[in-house]
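Worksheet: the structure to be examined is printed underneath.
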Amino acid sequence: MDTRQCSVAELSRHVGIVFQNPDHQLFAETVEKEVAFALENFGFSRELIRKRTNWALKLMGLTMMRHRSPFTLSDGEKRRLAIACILAYDPEIIVFDEPTAGQDGLQKEKLGELIKLLLTQNKTIIVVTHDIEFVSERFKRVVVMSRGRIIADGHPREILTDEKLLISANLLPPQATQCAWELRGFNIPKNILYYYELKTRIVKILLGMMR
């Protein structure tokens with residue numbers, strides 16, 4: 001589809017965007033009506049609207065809040081509601097803008113599992129984020145942008161362990177990578193990405209010193 005020739009309404013049926021700030025996305029009187037809005041707008045049947053709304057609310061842990069105003073929810077709950085609104089109408093492409101902002105560790109894990117589930121359904125998932133730890137642990141492709149241009153595109157190990165690249169993009173490396181850089185004098189590789197790799201290397205070095 002040529003996006004220059006399509007209306008926003010046409011594109012929105014295929015691409016769902018979860019905004020960085022949920023307050024810019026939410027407007028309905030209740031949580032339930034918020035989720036049902038897109039389904040009604042796209043002309044789904046009443047029965048399908050009911051089923052899809054219930055499914056999305058349950059998936060995001062919002063069933064008990066269905067009759068509340070979206071604006072009485074916490075920031076994390078609003079973000080989950082924004083995600084439920086998109087999942088309800090099942091677009092092929094889903095864009096998450098800073099989805100981990102305001103989420104605790106448990107909610108991040110749930111979000112990671114949700115993304116994994118969506119990938120098994122052949123969805124295209126695009127996550128715009130500065131949460132390097134979340135990226136390094138869950139994705140096989142990373143695109144780095146700086147000043148409106150793509151400056152790198154590849155596997156997280158290639159991209160997120162490149163010190164010069166990260167500096168040029170004003171990004172911090174994953175914590176395991178940062179530790180590896182600090183331990184370069186002990187022959188720790190620069191391209192360590194995960195903690196289990198760092199731990200294995202350190203154990204080998206300590207065992208070698210004990211011999």
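The values are calculated or read from the model by the stated rules, or taken from the named source; none is laboratory data. All figures in this text were calculated on a predicted structure; none of them were measured in a lab. Please note: Cβ atoms are built from the backbone with ideal geometry, for glycine as well, and neighbour counts cover all protein chains shown.
I'm told R52 meets every condition in (1) surrounded by 13 or more Cβ atoms within 10 Å (Cβ to Cβ); (2) free of Cβ contacts under 8 Å to residues at least 12 places away in the same chain except one. Can you identify the failing condition by its number?
Every condition holds for R52 apart from (2).
Filter region 76-94 for residues that are outside any helix (DSSP H, G or I) and either crowded, with 19+ Cβ neighbours inside 10 Å or not β-branched (V, I, T) (or both) and give the result. If you could, list the steps in order and put the result at the bottom.
Here is the first cut: in region 76-94, the residues outside any helix (DSSP H, G or I) are 90-94.
D90, P91, E92, I94 - these are the residues of region 76-94 that are outside any helix (DSSP H, G or I) and either crowded, with 19+ Cβ neighbours inside 10 Å or not β-branched (V, I, T) (or both).
Write out, first by first residue and then by second, each pair whose Cβ atoms fall under 6 Å of each other, whose residues are 6+ apart or on separate chains, and whose first residue, in region 1-22, is part of a loop (DSSP other than H, G, I, E, B) while the second is of a type in the set (S, T, N, Q).
As it stands, the answer is F19/Q25, since those pairs meet every condition given.
Restricting to region 148-162, what's the tally of residues that are buried (at least 17 other Cβ atoms within 10 Å of the Cβ) and either out of contact with any strand residue (DSSP E or B) (no Cβ under 8 Å at 6 or more places or on another chain) or closer than 30 Å to A88 by Cβ (or both)? First the steps, then the outcome.
From region 148-162, those buried (at least 17 other Cβ atoms within 10 Å of the Cβ) are 152, 156-157, 159-162; that's our starting set.
Filter once more, so that each one left must be either out of contact with any strand residue (DSSP E or B) (no Cβ under 8 Å at 6 or more places or on another chain) or closer than 30 Å to A88 by Cβ (or both): 157, 161.
Of the residues in that region, 2 qualify.
Would you check if I192 is surrounded by 15 or more Cβ atoms within 10 Å (Cβ to Cβ), in contact with a Lys or Arg (Cβ under 8 Å, 6 or more places away or on another chain) and either polar (S, T, N, Q) or in a helix (DSSP H, G or I) (or both)? Lay out the reasoning, then the answer.
Numbers: surrounded by 15 or more Cβ atoms within 10 Å (Cβ to Cβ): yes; in contact with a Lys or Arg (Cβ under 8 Å, 6 or more places away or on another chain): yes; either polar (S, T, N, Q) or in a helix (DSSP H, G or I) (or both): no.
No; evaluated as a whole, the condition is false for this residue.
So, in region 114-147, how many residues would count as being exposed (fewer than 12 other Cβ atoms within 10 Å of the Cβ), out of contact with any His (no Cβ under 9 Å at 6 or more places or on another chain), on the phi < 0 side of the Ramachandran plot and in a loop (DSSP other than H, G, I, E, B)?
Final tally of qualifying residues: 1.
Would you tally the residues in region 28-49 being of a type outside the set (S, T, N, Q) and free of Cβ contacts under 8 Å to residues at least 40 places away in the same chain?
Of the residues in region 28-49, the ones of a type outside the set (S, T, N, Q) are 28-29, 31-40, 42-44, 46-49.
Remaining after also requiring free of Cβ contacts under 8 Å to residues at least 40 places away in the same chain: 32-33, 40, 43, 46-49.
Total meeting the criteria: 8.
Could you tell me which residue of region 95-109 is modelled with the highest pLDDT, considering only residues that are part of a helix (DSSP H, G or I) and in contact with a helix residue (DSSP H, G or I) (Cβ under 9 Å, 6 or more places away or on another chain)? Lay out the reasoning, then the answer.
Just the residues of region 95-109 that are part of a helix (DSSP H, G or I), to begin with: 105-109.
Next, only the ones that are in contact with a helix residue (DSSP H, G or I) (Cβ under 9 Å, 6 or more places away or on another chain) stay: 107-108.
Values: Q107: 82, K108: 87.
The selected residue is K108.
Can L171 be described as under 14 Å from P156 (Cβ atoms), aliphatic (A, V, I, L, M) and surrounded by 13 or more Cβ atoms within 10 Å (Cβ to Cβ)?
Values: under 14 Å from P156 (Cβ atoms): yes; aliphatic (A, V, I, L, M): yes; surrounded by 13 or more Cβ atoms within 10 Å (Cβ to Cβ): yes.
Spelling it out, L171 is indeed under 14 Å from P156 (Cβ atoms), aliphatic (A, V, I, L, M) and surrounded by 13 or more Cβ atoms within 10 Å (Cβ to Cβ).
Test each condition in (1) free of Cβ contacts under 8 Å to residues at least 40 places away in the same chain; (2) surrounded by fewer than 17 Cβ atoms within 10 Å (Cβ to Cβ); (3) under 28 Å from E158 (Cα atoms) for M64 and report the one that comes out false.
Of (1) free of Cβ contacts under 8 Å to residues at least 40 places away in the same chain; (2) surrounded by fewer than 17 Cβ atoms within 10 Å (Cβ to Cβ); (3) under 28 Å from E158 (Cα atoms), only one is false for M64: (3).
In region 23-48, how many residues are hydrophobic (A, V, I, L, M, F, W, C), farther than 20 Å from F71 by Cβ and assigned to a helix (DSSP H, G or I)? Talk me through it step by step, then tell me what you get.
Filtering region 23-48 down to residues hydrophobic (A, V, I, L, M, F, W, C) leaves 26-28, 31, 35-39, 42, 44, 48.
Now narrow it down to the ones that are farther than 20 Å from F71 by Cβ: 39, 42, 44, 48.
Restricting the remaining residues to those that are assigned to a helix (DSSP H, G or I) gives 39, 48.
Counting residues in region 23-48 that are hydrophobic (A, V, I, L, M, F, W, C), farther than 20 Å from F71 by Cβ and assigned to a helix (DSSP H, G or I) gives 2.
Show the residue pairs that are 6+ apart or on different chains and have beta-carbon atoms under 6 Å apart, the first residue being within region 170-181 and under 18 Å from F134 (Cβ atoms) and modelled with pLDDT under 90, the second being part of a loop (DSSP other than H, G, I, E, B) and among the hydrophobic types (A, V, I, L, M, F, W, C).
Every condition considered, no pair remains.
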